[in-house]
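The values are calculated or read from the model by the stated rules, or taken from the named source; none is laboratory data. Every value quoted in this text rests on a predicted model; they were computed, and no experiment measured them. In this analysis, Cβ positions are derived from the backbone assuming ideal geometry, glycine residues included, and neighbour counts consider all displayed protein chains.
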Amino acid sequence: MQKTRPHTAKGTMKEDGDAQEAFPEFSDETRAYLLSDAGIENMMRKLSDACENWLDCPVKRCRRARRCQGPDMVCQLKEPSRTAPPEELARVNARMREIVLQRLERIGVW
């Protein structure tokens, strides 16, 4: 019986050549949208949806739509509230924006 070694990402990168080939191709139009304010806000909502944060969101339209309606990430607050202080909302929105930009960088958008 012959043992086969597992196919690892590191081995794949070495065999396939340049690391840049691991990233998906983005058109200039797609790249521009993803880096725009609208694209980043959309990604913020998608991340919130992936965690099903709308289930506990105090905003009725999010629960009714069963997805984040934004624009503010109220569901990301430690104690979600529609009457949260603007400074706290700004802090949470900035943090979500930072997370999205890190993910976009990781997948090779910029």
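Can you name the residue in region 31-59 that is of a type in the set (S, T, N, Q) and modelled with pLDDT of 90 or more and is also farthest from L77 (Cα to Cα) among such residues?
The residue in question is S36.
The set of residues from region 63-109 being outside any helix (DSSP H, G or I) and farther than 14 Å from L47 by Cα comprises L77, K78, E79, P80, S81, R82, T83, A84, P85, I107, G108, V109. Just one of the listed residues (A32, A50) is within 18 Å of I99 (Cβ to Cβ) and either crowded, with 17+ Cβ neighbours inside 10 Å or not β-branched (V, I, T) (or both), and it is A50.
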